[in-house]
Amino acid sequence: MNASDTTTRIGWIGTGVMGRSMCGHLIDAGYPVTVYSRTRERAEPLLERGAAWAQTPGLAAREADVVFTMVGYPADVREVILGRDGVMVAARPGLVIVDMTTSQPSLAKEIDAAARGNGASSLDAPVSGGDVGARNATLSIMVGGDPDVLAQVRPLLEVMGRTIIHQGPAGAGQHTKMVNQTLIATGMVGVCEALLYAHRAGLNPETVLEAVAGGAAGSWSLSNYAPRILRGDYAPGFMVEHFLKDMEIALEEARRMNLALPGLALAHELYVAVRAQGGGRDGTQSLIRALARMSAVEWDVAPPA
């Protein structure tokens, strides 16, 4: 297989906020793509752009050279890859399975072993960059698995991302994503607390952001999510319920390694509060509303001017 050749056949499973954009880049690059999603309606924009439809994950993989999965939870990964109608049913020598979902390192190892048993290969390749990175093809992709397999599919990953780094054997990509999510979780607490401070102090948040974003306090979350918060935009680039899933995986792995991560644990509890207040399907920036309630700040009623 030469993935730089646009005759490489792609199977794509999962058409959520990020998956739809990522798959669209492959279609636009000229690759033949067959799509599976639990709800066909969500795949319609891709079908209109030329993708074929598959009724099951296995059928999406049957004629493919490379199958990508970008779904919600580890249970979904298990179902679409290892389930009764999953990718592994159609796995054959030479097939490459690339799971881009944020999932469990142990599941990545299990998939790798199952693929090898069928003469296929797998990579765990979770991404960072959110909906913006998916739309702009600027994702950071963290890859675990055989480096020779990564070399085969790198041209495909380069269509979707800007930074593609091999992290080690199966599961290493997922572990790296847990590092990423730990950084983001505690960083988002800081972004939201800082905006609340500025608001309570009577500052103009726009000029505050202009002052701090280019200095040592600058971050991707500050530059991308703070403006959304100030617009009252809580639409999900990345949903709270998915972020909670990621943090729970990271905390589970930390416990297994006898590692205390109190900052991550606190961020997790704060996001549990967001979900309890009905924000589970909002974007991660909606954390500010839960924090505002703690200090009786009527953020939704009178956001900063």
Checked region 240-252 for anything hydrophobic (A, V, I, L, M, F, W, C) and in contact (Cβ under 8 Å) with a residue 60 or more places away in the chain; matches are PHE243, MET247, ILE249, ALA250
Kindly indicate whether any position in region 258-267 is more than 23 Å from GLY171 (Cβ to Cβ) and either touching an Asp or Glu at 6+ places or on another chain (Cβ under 8 Å) or not in a helix (DSSP H, G or I) (or both).
no
Screening ALA226, ALA216, ALA198 for residues that are more than 19 Å from THR284 (Cβ to Cβ), assigned by TED's automatic domain parsing to the domain that holds LYS245 and assigned to a helix (DSSP H, G or I) leaves only ALA198
Residues of region 163-179 being in contact with a strand residue (DSSP E or B) (Cβ under 7 Å, 6 or more places away or on another chain), surrounded by fewer than 18 Cβ atoms within 10 Å (Cβ to Cβ) and not in a loop (DSSP other than H, G, I, E, B), in sequence order, are THR163, ILE165, GLY168
In region 244-268, anything buried (at least 18 other Cβ atoms within 10 Å of the Cβ) and within 16 Å of CYS192 (Cα to Cα) is listed as LEU264, ALA267, HIS268
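Let me confirm something: among ALA260, ALA198, which residue is under 26 Å from the mean Cα position of the chain (by Cα) and on the phi < 0 side of the Ramachandran plot?
Every option except ALA260 fails the conditions.
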Checked against (1) within 17 Å of VAL98 (Cβ to Cβ); (2) modelled with pLDDT under 95, THR7 satisfies every condition except (1)
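Among the listed residues GLY30, GLY72, which satisfies the condition of being surrounded by fewer than 20 Cβ atoms within 10 Å (Cβ to Cβ), assigned to a loop (DSSP other than H, G, I, E, B), over 22 Å from the mean Cα position of the chain (by Cα) and of a type outside the set (S, T, N, Q)? So that I can check it myself, show each step before the final result.
Working: GLY72 fails: over 22 Å from the mean Cα position of the chain (by Cα).
Residue meeting the stated conditions: GLY30.
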> Quick one: would you say VAL87 is touching a strand residue (DSSP E or B) at 6+ places or on another chain (Cβ under 9 Å), farther than 23 Å from PHE238 by Cα and assigned by TED's automatic domain parsing to the domain that holds VAL67?
Replying inline: yes
A careful count of residues in region 51-66 that are in contact with a helix residue (DSSP H, G or I) (Cβ under 7 Å, 6 or more places away or on another chain), free of Cβ contacts under 8 Å to residues at least 40 places away in the same chain and not in a helix (DSSP H, G or I) gives 2
Note on region 94-118: residues of a type in the set (A, V, I, L, M, F, W, C), buried (at least 18 other Cβ atoms within 10 Å of the Cβ) and part of a helix (DSSP H, G or I) are LEU107, ALA108, ILE111, ALA114, ALA115
When restricted to GLY171, GLY145, GLY190, the only residue over 17 Å from the mean Cα position of the chain (by Cα), modelled with pLDDT of 95 or more, at positive phi and not hydrophobic (A, V, I, L, M, F, W, C) is GLY145
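With the structure loaded, tell me whether ILE184 is surrounded by 16 or more Cβ atoms within 10 Å (Cβ to Cβ) and not in a helix (DSSP H, G or I) or whether it fails that test. Give the derivation first.
Working: surrounded by 16 or more Cβ atoms within 10 Å (Cβ to Cβ): yes; not in a helix (DSSP H, G or I): no.
No: the conditions fail for ILE184.
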Looking across region 40-50 at residues that are out of contact with any strand residue (DSSP E or B) (no Cβ under 8 Å at 6 or more places or on another chain) and in contact (Cβ under 8 Å) with a residue 12 or more places away in the chain, the single one that is farthest from PHE243 (Cα to Cα) is ARG49
Scanning region 119-162 residue by residue, the ones that are part of a loop (DSSP other than H, G, I, E, B) and of a type in the set (A, V, I, L, M, F, W, C) total 3
Only one of VAL17, VAL77 is assigned to a loop (DSSP other than H, G, I, E, B) and closer than 23 Å to GLU248 by Cα, namely VAL17
Looking at region 121-133, can you tell me whether even one residue there is surrounded by fewer than 22 Cβ atoms within 10 Å (Cβ to Cβ), without any contact (Cβ under 8 Å) to a residue 40 or more places away in the chain, more than 23 Å from HIS242 (Cα to Cα) and of a type in the set (Gly, Ala, Ser)?
no
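The values are calculated or read from the model by the stated rules, or taken from the named source; none is laboratory data. Please read these numbers as outputs of a predicted model, since none were measured by experiment. Using ideal geometry, Cβ is built from the backbone for each residue, glycine included, and neighbour counts are taken over all protein chains shown.
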